[in-house]
Amino acid sequence: MILLDRVTKIYNRDMAPALDRISLRVEPKEFVIVVGQSGAGKTTLLRLLTREERQTSGKIIVGGVDYDKLQDKNIPLLRRKIGVVFQDFKLLPNRNVFENVAFALEIVGMSRHEIERTVPKVLEIVNLKGKEKNMPLELSGGERQRVAIARAVVRQPKILIADEPTGNLDPKHAWDVIRVLEKINRFGTTVLLTTHNKDIVDKLKRRVVTIQNGKIVRDKANAAYKI
């Protein structure tokens, strides 16, 4: 599903690489946590996977797509297969919950009938049934993040990247979000989660990949948080 082979990313020739010959394989339906201190290279890794950045060297293959052969015109199609959730929600403030999720389907040309059939199912998955007409400012931080997750998965991506999705949340709402990510993973979506939250990492007992100074220094199943 995700394969990186000796991938290096250099932003500035006068500085150390952001990523330095990292190799990583993530199988379909895996739930993998990526940890590391700020500046370790986590964000660069995610930007390479979504093709916001190009690797300087090495091979990247995601969902059978070889990024060396990926044409710019096909990048939007690739991104439909990869859902992304950010720390800061990025919801449309003037649209309600239903409309925020529906927007992801509108921009790919889905019919109104299909949107009205699909969105309620996804809102139920993220435990937001009954909140369809609420505006973002009427929601808690955890609810807003779950709207963002619904928007990211409504097109049924094969991979969901969650970049510090609990960073702005209190412990209760953080765990609400993590449980939703676990549910989505059980439905068959590969989940890649970055977090600084030691409690979440220790209790989830998933595969943990640790990045330090642009290198993968630890890759262990059922692991605790350790840097």
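The figures follow:
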item: Positions within the stretch 24-65 being over 20 Å from K215 (Cβ atoms), without any contact (Cβ under 8 Å) to a residue 60 or more places away in the chain and either in contact with a Lys or Arg (Cβ under 8 Å, 6 or more places away or on another chain) or among the β-branched types (V, I, T) (or both), in sequence order; result: R51, I61, V65
item: Near pairs, Cβ below 7 angstrom, 6+ apart or cross-chain, from the stretch 68-80 (surrounded by 11 or more Cβ atoms within 10 Å (Cβ to Cβ) and of a type outside the set (G, A, S)) to any residue that is at pLDDT below 90 and assigned to a helix (DSSP H, G or I); result: L70/L78
item: Counted residues, the stretch 116-131 - those being crowded, with 17+ Cβ neighbours inside 10 Å, within 22 Å of the chain's Cα centre (by Cα) and either part of a loop (DSSP other than H, G, I, E, B) or not hydrophobic (A, V, I, L, M, F, W, C) (or both); result: 3
item: Matching strands (runs of 3 or more DSSP E) fully within the stretch 164-227 where at least 1 residues are surrounded by fewer than 17 Cβ atoms within 10 Å (Cβ to Cβ) and in contact with a strand residue (DSSP E or B) (Cβ under 7 Å, 6 or more places away or on another chain); result: 215-220
item: Looking only at the stretch 17-49, and only at residues there that are hydroxyl-bearing (S, T, Y) and over 20 Å from K198 (Cβ atoms), the one that is surrounded by the most Cβ atoms within 10 Å (Cβ to Cβ); result: T44
item: Meets criteria (farther than 22 Å from I82 by Cα and modelled with pLDDT under 95) for L139; result: no
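Table: residues versus (1) at pLDDT below 95; (2) closer than 24 Å to D202 by Cβ; (3) among the basic types (K, R).
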position: L4; (1), (2), (3): no, no, no
position: R13; (1), (2), (3): yes, no, yes
position: D20; (1), (2), (3): no, no, no
position: K29; (1), (2), (3): no, yes, yes
position: G63; (1), (2), (3): yes, no, no
position: L70; (1), (2), (3): yes, no, no
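The values are calculated or read from the model by the stated rules, or taken from the named source; none is laboratory data. Not measured: the values here are computed from a predicted model. Ideal geometry is used to build each Cβ from the backbone, glycine not excepted, and the neighbour counts take in all protein chains shown.
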